[in-house]
1. From the set of residues in the range 63-114 that are open to solvent by 80 Å² or more (accessible area, probe 1.4 Å) and among the aromatic types (Phe, Trp, Tyr), which is farthest from residue 14 (Cα to Cα)?
2. Among the residues of the range 90-143, which ones are among the aromatic types (Phe, Trp, Tyr) and either free of Cβ contacts under 8 Å to residues at least 12 places away in the same chain or in contact with a Leu (Cβ under 7 Å, 6 or more places away or on another chain) (or both)?
3. If a residue counts only when it is closer than 17 Å to residue 110 by Cβ and either free of Cβ contacts under 8 Å to residues at least 40 places away in the same chain or open to solvent by 40 Å² or more (accessible area, probe 1.4 Å) (or both), which strands (runs of 3 or more DSSP E) contained entirely in the range 1-55 have at least 2 such residues?
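The values are calculated or read from the model by the stated rules, or taken from the named source; none is laboratory data. Just so it is clear, the structure is predicted and the values come from calculations on it, not from any experiment. Cβ placement follows ideal geometry from the backbone for every residue including glycine, while neighbour counts extend to all protein chains displayed. Surface accessibility is based on the protein's heavy atoms, side chains included, excluding ligands, DNA and RNA. Shrake-Rupley method; radii C 1.70, N 1.55, O 1.52, S 1.80 Å.
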Amino acid sequence: MKLTIKYFSDELERLRYIDGKSDWIDLRSAENVKLSAGEFHLVPLGIAMQLPKGYEAHVVPRSSTFKNFGIIQTNSCGIIDETYCGDGDQWFMPVYALRDTEIHINDRICQFRIFEHQPAIEFEEADHLEGQDRGGFGSTGTN
C-alpha cells in the first residue's frame, strides 16, 4: 500500500519503519517546544497524509514518551480519518506536561498505524446475554 505524504519541513526526518521491530511508525516533533508543568501544547508532527478510502490512522504516544519527556497525550488516542487530507491538514499531538520539559525537532514522541474502518453494526436488544459472567469491571485475575 502506498500513502501520499506531505512534509512541512525539510529538517524533519522522513517516515520509516524502525529496524523492522514493529508495524507502528514513529512520528517526530516538527518544532522545538519548551513546556512548564501544567502547560498544554499542540505539537506539530510536520506531516499531512492522504489515507486510502475506508482507513483511519491511530496516533498514540510511544512507550517511552512519558519517561523521556514527562508529557501525556490529552486525547489518549488521536484518530485521523481519510477526510483529513488537505494540503494544510498537518497532524498534531495534543500534549499536557506533568513536569518542565523540552522537546526538540525530530524527537520521536508518538507513533501511528492505519486501520480499516469498523464495519456497519446493527444492535439487537436482549434481556439476557448467554455468556458466562466474569465478575464485573476490574475482576480479571481475582478469585
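1. 96
2. Hits for the range 90-143 are 91, 92, 112, 123, 137.
3. Filter on the range 1-55 gives 4-7, 40-44.
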